[in-house]
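What follows is one structure encoded as structure tokens, with my remarks underneath.
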Amino acid sequence: MSYSLHPILLAACLVLLLFVTSTHGFQSPAAATTTNNKRALWMSETETPPPSSKSGYVPKWKKKKTLADEGDGMDFKDKGIKGTINVVFQQGDETKSTMAMPGQPLRDVATQAGQFIKYGCGKGECGTCEAMCDGKWIRPCKDVVPVGQDEIVVTVKEIASKTTSSGTFFSVKSFFMGFYNNLLGMVGFVKYRRNAKENWNERQEYEDLIRQKTEEKKRLRKLQKQAAKANGSNNDTNGSLSP
Ligand code: FES
């Protein structure tokens with residue numbers, strides 16, 4: 001007697017298992033408390049975290065301020081920034097400026113000014129970082145500060161949607177999305193199994209056909225051989241009887 005598990009039943013078991021592990025995460029309450037205590041200890045040793053938009057959630061990281069962030073009111077010389085060209089970055093309503101030397105990579109200048117630019121390939125091929133400078137499109141990932149100008153204005157594309165991290169592993173949305181993904185996987189699994197079965201049957205039919213034809217050929221060849229043998233013996237008999 002063979003025990004085979006139906007694909008749908010198997011997939012349902014998998015979904016149940018995934019659901020249990022996603023809600024409890026294989027973490028005992030004691031372990032969870034230890035983690036929370038560790039986090040609280042870590043937090044107490046650091047400076048005040050940034051304010052969170054989500055009530056109840058306190059991120060454990062803190063953004064380090066750059067010189068550009070801290071140096072409000074200081075002039076570029078005091079900050080130690082050298083350069084002869086005033087570079088202004090504009091993104092929406094925000095403007096950031098710094099000084100740069102001719103030929104200095106714009107990418108570095110943007111970092112120096114604290115200007116965020118979204119990069120893709122980083123070598124001037126994809127166009128993700130494209131910005132407008134003096135009526136021309138430039139690619140800050142590879143372009144440099146031009147020579148012979150006192151000031152350049154680089155208009156950086158606005159970010160369409162800033163992705164925000166939920167900050168927590170589990171949320172109601174993630175639960176439903178997880179369930180939806182599992183459901184999709186289950187449907188895909190059943191479809192795949194059905195297609196595989198059809199393919200298998202088709203292959204078996206084809207192999208049966210080949211086997212049948214081979215048998216037929218073998219049988220015909222055998223008959224031909226027998227006929228040839230019978231003809232040969234008849235000829236021998238006739239030859240021996242003739243005077
Ligand atoms: S990052 Fe790809 S072109 Fe600049």
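No value in this document is a laboratory result; all are computed from the given coordinates. Just so it is clear, the structure is predicted and the values come from calculations on it, not from any experiment. No Cβ is skipped: glycine too gets one built from the backbone with ideal geometry, and neighbour counts run over all protein chains shown.
At a glance:
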quantity: Residue 128 paired with residue 116, simple spin-label distance in nm, labels 7 Å along Cα-to-beta-carbon; calculated: 1.4 nm
quantity: Residue-span extension gain [residue 196 to residue 147] - 0.36 nm each, minus C-alpha spacing; calculated: 11.1 nm
quantity: Relative contact order (percent, whole number), the range 68-156, Cα cutoff 8 Å, 6+ residue spacing; calculated: 32 percent
quantity: Cα-based reach from residue 60 at 17 Å (exclusive), listing lysines while leaving out same-chain residues under 8 positions away; calculated: 38
quantity: Residues with amide H under 5 Å from that of residue 129, placed H, sequence gap 5 or more; calculated: 120
quantity: C-alpha center-to-center spacing [the range 104-130, the range 186-204] in angstrom; calculated: 49 Å
quantity: Entries in 62/96; 79/142; 123/191; 63/136 that, when Cα-Cα distance is taken, lie over 31 Å; calculated: 123/191; 63/136
quantity: All lysines inside 20 Å of residue 173 as judged from Cα atoms, apart from same-chain residues fewer than 8 positions distant; calculated: 54, 162
quantity: Residues with amide H under 5 Å from that of residue 99, placed H, sequence gap 5 or more; calculated: 87
quantity: FRET efficiency, residue 233 to residue 213 (Cβ-Cβ, R0 41 Å, nearest 0.05); calculated: 0.85
quantity: Note, ³J(HN,Hα) from phi for the range 208-223, Karplus 6.51, -1.76, 1.60, rounded to Hz, x at Gly and Pro; calculated: 4, 4, 4, 4, 4, 5, 5, 4, 4, 5, 4, 5, 5, 5, 5, 4
quantity: Computed E for residue 63/residue 108 - FRET, C-beta separation, R0 30 angstrom, nearest 0.05; calculated: 0.90
quantity: Sequence-distant lysines (8 or more away, or on other chains) whose Cα lies within less than 30 Å of residue 229; calculated: 213, 217, 218
